[in-house]
1. Less than 15 Å Cβ to Cβ from Thr246, Lys/Arg counted +1 and Asp/Glu -1: what total charge do the surrounding residues give?
2. Helix 77-87: angle to the longest alpha-carbon principal axis of the chain, degrees 0 to 90, nearest 10?
3. Which percent, to the nearest 5, of DSSP beta bridges fully inside the chain are antiparallel?
4. What angle do you read, to the nearest 10 degrees and between 0 and 90, between the alpha-carbon axis of helix 52-62 and the longest principal axis of the chain?
5. Using a 7 Å offset from the Cα along the Cα-to-Cβ direction at both Val87 and Arg191, what is the distance between the two label points in nm, to one decimal?
6. To test your reading of the geometry: what angle, between 0 and 90 degrees and rounded to tens, separates the Cα axis of helix 25-38 from the longest principal axis of the chain?
7. What does the helix-only formula give at 222 nm for the chain: each DSSP H stretch with n ≥ 4 adding -39500 (n - 2.57), the total divided by the residues, and the result rounded to the nearest 500 deg cm²/dmol?
Amino acid sequence: LDRVLGGGVIPGAMVLVVGDPGVGKSSLTLRASADIARAGRRVLYVTGEESARQIRMRADRLQAVADELLVVSETNLDAICAHVENVKPALFIIDSIQTMYRPDIESAPGSVSQVRECAMELMRVAKTAGIAVFVIGHVTKEGSLAGPRVLEHIVDTVLYFEGERNAEYRVLRAVKNRFGSTNELGLFEMRDVGLVDVPDASKLFLSERAPESGSVIVPTVEGTRPLLVEVQALVAPTPYQPPRRTADSVDVKRIQLLLAVLEKRVRLPIGAADVYVKVAGGIRLDEPAADLALCVAMASSFAGRLPRPQMVVCGEVGLSGEVRAVSQAEQRIIEAQRLGFHAAVLPMKNYRQLKGKFTGMELFGAETIGDALKCAMPKNI
């Protein structure tokens with residue numbers, strides 16, 4: 001959480017935590033509140049969805065009980081502001097913004113006007129008193145915030161907490177952060193005691209990997225954190241037209257572009273086949289450095305050939321079929337070597353920069369996508 005926020009909680013900052021109901025937003029903020037309270041800072045947890053007794057039961061289960069962690073069940077914003085003035089906390093939590101209301105506004109809690117005006121009042125309290133505020137908000141089925149979009153413009157930081165309710169892992173990412181990067185990523189595991197940080201995300205995402213055609217590892221970077229992720233592709237012939245293009249955790253338009261490059265520049269007759277692409281673990285793969293790995297995965301599945309064992313692939317692919325350099329290439333290779341990989345296909349510029357720097361890691365440089373495919377899938381494999 002500290003890493004995603006940019007180093008910690010800033011006094012006077014207003015942080016919006018958004019996610020599906022049941023994903024773990026309350027558990028995350030309750031654990032964070034307890035840690036801050038144990039450090040000697042007073043924290044006020046305001047809940048409009050549960051009673052104070054229910055919060056205490058949850059805190060006992062999560063081992064999140066602290067003397068300086070105070071809980072109040074209230075939805076009237078005027079009463080909440082009075083509590084804040086009396087308690088004078090360093091941090092207070094609003095769970096959730098959709099349950100809060102101002103008595104001088106006639107609309108129901110959760111309405112556009114109530115959510116907007118409550119958020120404005122909370123921002124005023126945070127800035128004038130120098131108190132950090134965490135506001136929990138639910139999202140709709142489409143994944144957008146259940147309330148006016150203006151709420152995201154009011155706050156300093158917007159954190160999205162993602163993951164299926166019954167899944168074991170959750171991903172926290174910042175989509176807006178006035179005090180730090182929006183590229184950092186936090187990974188949590190749901191256990192009996194609540195959410196626990198996963199320090200070695202790369203090992204987690206690769207733990208169930210089986211070497212098959214269409215499976216390629218890409219060393220990506222989330223903010224300052226190198227992360228090894230498995231890209232999977234399945235290319236299958238189809239008698240139907242037009243062929244299907246399906247992508248999970250990757251932009252499908254990006255897949256269509258890379259398929260066009262493969263067909264035009266490498267003469268790979270892949271356009272008439274169904275193509276399915278998936279990123280294992282559900283990590284959203286947006287950076288251009290994953291282009292080359294996606295191309296190798298699709299070509300590998302189409303040809304039915306295994307890529308080179310224990311190999312990682314990274315590079316940006318241009319429309320002319322050239323492979324362009326990526327940033328932080330050395331950090332990516334260090335992470336790959338740490339996890340036991342001993343081969344890497346890189347853009348030629350990065351290859352020249354890193355050649356001779358690694359022992360036990362075979363590096364291959366590629367100027368074009370055709371070169372990369374020859375390095376990644378040699379004929380003797």
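1. Computed value for this residue: +2.
2. 80 degrees
3. 45 percent
4. That works out to roughly 40 degrees.
5. Going by the 7 Å Cα→Cβ label model, 2.8 nm.
6. 70 degrees
7. Value at 222 nm, helices only, nearest 500: -9500 deg cm²/dmol.
No lab work stands behind these numbers, since they all come straight from the coordinates. In this text the structure is predicted, and so the values were computed from the model without any measurement. All Cβ positions, glycine included, derive from the backbone under ideal geometry; neighbour counts span all protein chains shown.
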